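Quick note: the coordinates plus some simple rules give every number you see, no bench work behind them. Not measured: the values here are computed from a predicted model. Heads up, the Cβs are rebuilt from the backbone with ideal geometry, glycines too, and the neighbour counts pull from every protein chain shown.
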Amino acid sequence: MCGICGLAFSPASGQPEISLLKKMAQMLIHRGPDDEGYFSQPGVGMAVRRLSIIDVVSGHQPLSNETGTIWVAQNGEIYNFLEIRAELEKRGHVFRTKSDTEVIVHSYEEWGLDFVNKLRGMFALSLWDGDKKRLILARDRIGVKPLYYIILREGTLVFASEIKALLAHPDVPRELDPEALDFYLTLEYIPAPYSIFKGIRKVPAAHLLIFESPRLTLKSYWKLDPFELKEKNQSLTLPQAMDKLYELLRESVQLRLISDVPLGAFLSGGIDSSTIVGLMRELGAEPLRTFSIGFKESTYNELDYARIAASRFQTQHEEFILEPKALELTEKLIYHLDEPLADFSIFPTYLVSSMARSRVTVALSGDGGDELFGGYEHYQAQKIAQRSLIREIGKLASPFLNFFPPSEKKKGFWNKLQRFTLGLTHPPELHHFRWMVFWKEKEKKDLFNDDLKKQIDSYGPFWLREPFVSIFKEMKNFDPTTAELYLDLRTYLPDDIMVKVDRMSMATSLEAREPLLDHCLVEFVFSLPGEWKIRGLQTKWIFKKTMERLLPRENIYRPKEGFSIPIKIWLRKELRSLLLDELNEVKLKKEGLFSPQVVSKLIKDHLSGRKNYSHQLWALLVFELWRKKYLKA
């Protein structure tokens, strides 16, 4: 695991200064505290901060072929590198290290741009082909590892694992992108290829970016093809599918046990993390360390379920109780995010990562299970909303139901009913995103000042823009249930969940691995009928039935809680002073982006308990803290 950065331009313009590469790499030291490396030639420079996981002694990066014409810097892990290495050695390639990174160099020599199709893992990499004067950036299929870039005015390409390393380059501008801000306030995250900074872009998941100065090409190398996938497994019976699913899960976990340093696992007690831990035990992982986090508020506490799984699989289990004093971390965590992300669960993710890092260097997690098998309530809501009578009654009842204050319970029936009917008032073209939109178009127009409103109005509704136009079109080729999962696989998963997990784990110098997001497993699950994933309103049906052979029923069929925090309470208590300081009317009027009156009313209604505006207020607070840290630097 590492942080990478660098730049490329016309070789005739000289070569990058090592001092600049060091300055950029220094911003990534948390991603790689163990080692650093630099490479500079006419037209290109790369830098790496390394967290040593595989081949600790000789896996120094950047790394080249024998002749020094091809150089690679990698963030991530190639789990099938031994298999690729054996194939390449048969073809005559000679290896100098035992690292997974070196197989990338020789794979490119052997297969050219097709090398990336051989890789099975999580990665973001840069590869320099000196003969062709070509820089290649590549990101893994699911988007587990991040990669940002910008083209400067003079034609220089600058890239990095995190935005803060880009900003260390003196010519990279710090300018707000209004369209990205609109996406953020609507969805609580910013979808690729956008970033909050104008001009800075994300390399999308499953893409190659090829830079041959001055030409830049973005190329997709992997996509789920519903027709091809269905053909592969359409003859499988349900028992056969369950057997194959178990086999693929086991294989995926086994691949992610490859490590030359201690590893463990996050354990929430739900089916996803419990499956990972159970399979680690079955595969003989020893010692098997597990880590859980809980809250003083009982409705947010999942520790009892984690203890059941830890006891069943005889793990060395550790727990941490998150108290409001952890809110002291707010500004630190926003710094590590680089751009606004309003996912509340950055707090527990960071703290459980910090706890795990005191014992291990690698932790396996259950992330991705909800998007892969259909674990969210909004998938259920989307199925219910297909009934026209319920849909019409719900839309009519929404203004009345949402007039009353929300329940103080985390997940009471009243709160669910309010949220469900409110979602029905959004356009049906949004699919299950109707329950993931936190500002309606009219509400945003009231929030934005006149200049910002004009800019954002010119873009049109977010679902009529890319990347959503293309994704909604592709969804039509899947069955209705699988189409909803595909939407999250392309957006919410890489641009929210994976951003949160990567930044919070890397902030503690911990490598997080996600077995449920192995692309071979993803392809298989997406080839199965939607009714096997969500049967009736039973979420994760085939996953649950399959794991009955391994897990306690309490961990399989427990109520879903989610990895969240009591943010609505914290905003009224521990975060109250911060909220009032950062979102006060004088400050907002001076900055000139948001209506002070609209924000003040949100705050007043939330603090009084009249409404629950925790999503809206937390998003605005995160943005203001980010703005103070990054736009005023």
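Sorted ascending by nearby beta carbons within 10 Å, beginning with the fewest, Val116, Val94 become Val94, Val116.
Calculated from DSSP H runs of 4 or more alone, at -39500 (n - 2.57) each and per residue, what is the 222 nm mean residue ellipticity of the chain, nearest 500?
Working: 28 runs with 258 residues, N = 633.
Using -39500 (n - 2.57) per qualifying helix, the result is -11500 deg cm²/dmol.
Apply 1/(1 + (r/R0)^6) to the Cβ-Cβ distance of Glu441 and Leu238, taking R0 = 51 Å, and write down the FRET efficiency to the nearest 0.05. After rounding, the FRET efficiency stands at 0.75. Normalising the average separation of contacting C-alpha pairs (under 8 angstrom, six or more residues apart) by the number of residues puts the relative contact order of the chain at 15 percent.
Kirkwood analysis of segment 92-196, using all unique Cα-Cα pairs, places the hydrodynamic radius at 16.2 Å.
Where in segment 115-136 does the amide nitrogen come within less than 16 Å of the point 7 Å from the Cα of Arg91, taken along Cα to Cβ? Within reach of a label on Arg91: 115-120.
Rounded is the label for segment 406-507. Its Cα gyration tensor axes, ordered a ≥ b ≥ c, give a/c under 1.5. Residues Asp140, Asp496 in ascending order of nearby Cβ atoms (within 10 Å, fewest first): Asp496, Asp140. Near His30: Cβ cut-off under 14 Å, other residues only, Lys/Arg at +1 and Asp/Glu at -1. The net charge is 0. Whole-Hz Karplus values for segment 275-284 come out as 4, 4, 5, x, 6, 4, 5, 4, 8, x Hz, taken residue by residue from phi with 6.51 cos²θ - 1.76 cosθ + 1.60 and θ = phi - 60°; glycine and proline positions read x. Local charge for Tyr379 was computed over the other residues whose Cβ lies under 11 Å away, with Lys and Arg +1 and Asp and Glu -1, and equals -2.
Over segment 487-633, the hull volume per residue, using the convex hull of the C-alpha atoms, is 196 Å³. Here the Kirkwood formula, the inverse mean of 1/r across different C-alpha pairs, assigns segment 566-633 a hydrodynamic radius of 12.1 Å. About its Cα centre, the dipole of segment 566-633 is roughly 60 debye, where the only charges are +1 on Lys and Arg Cβ and -1 on Asp and Glu Cβ.
Working note: Cα gyration tensor of the chain, eigenvalues times five, square-rooted, sorted largest first, giving semi-axes of 37, 31, 24 Å. Dipole magnitude for the chain: about 1640 debye, using +1 per Lys or Arg Cβ and -1 per Asp or Glu Cβ, origin at the Cα centre. Ranked for footprinting exposure by Cβ neighbours inside 10 Å, fewest first, Glu574, Glu286 give Glu286, Glu574.
Computing Rg and the Kirkwood Rh from the Cα coordinates of segment 193-291 gives a ratio, Rg/Rh, of 1.12.
Provide the gained length on full extension for the span Ile151 to Glu228, in nm with one decimal, where the gain is 0.36 nm per separating residue minus the Cα-Cα distance.
Residue separation times 0.36 nm, minus the Cα-Cα distance, leaves 24.1 nm.
Amide H contacts for Leu322 (H built 1.01 Å from N in the peptide plane; partners 5 or more residues away or on another chain; cut-off under 5 Å): Gly294, Phe295, Lys296. The Val598 and Asp34 beta-carbon pair, evaluated with R₀ = 41 Å, returns a calculated FRET efficiency of approximately 0.30.
Is the shape of segment 22-148 rounded, prolate or oblate, going by the alpha carbon gyration tensor and its root eigenvalues a ≥ b ≥ c, with a/c under 1.5 for rounded and a/b larger than b/c for prolate? Since a/c stays below 1.5, the shape of segment 22-148 is classed as rounded.
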